[in-house]
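The numbers here are math on the coordinates, done by the rules we state, and not lab data. Bear in mind the structure is a predicted one, so any value in this text is a computation, not a measurement. Note that we place each Cβ from the backbone using ideal geometry, even for glycine, and neighbour counts take in every protein chain shown.
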Amino acid sequence: MPFCDPPPPEGYPDVRWYVPPKKPSLARRKRDFLRHLLRWGSMSEAAARTGIDRRTAHRWRAADAAFDHGCRECLERRRHAIRLAAMDRVDNPKTRPVLYRGRQIGHIGRANDRIVAALMWSAEVMGRAK
């Protein structure tokens, strides 16, 4: 066995140890998916931000009743937030000044956004289950 000097106590300065990142657990990925689903309101967007395929999320919903309940709750909260935002837009319309020769002579209020029209025609608001 050849003789060699012992390594210095502070270690070799040019050696870098590579530690690969740990893959998140299934429970962590499901929790992250639900968090993104609540934030963005779209299964595809939440799956992309979590780093999984959309079909994987649908498989998780089919296999796990608690996860499916969480997804339904997140989507319902998102729909409720959209309804509140739409009603706020109807109650407080955006106003735009009307100018004539450099002076304001009035204003125009606009309350009919596309989101309000989409909500009126959505099956969820009309009482039918999607």
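Key figures for this structure:
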read-out	value
Per-region count, the range 6-41, residues farther than 20 Å from Asp64 by Cβ and either more than 14 Å from the chain's Cα centre (by Cα) or among the small types (Gly, Ala, Ser) (or both)	18
From Arg61, Arg72, residue being among the basic types (Lys, Arg), touching a Cys at 6+ places or on another chain (Cβ under 8 Å) and more than 30 Å from His107 (Cα to Cα)	Arg61
Helices (runs of 4 or more DSSP H) wholly inside the range 1-115 containing at least 2 residues that are loosely packed, with under 12 Cβ neighbours inside 10 Å and touching a Lys or Arg at 6+ places or on another chain (Cβ under 7 Å)	none
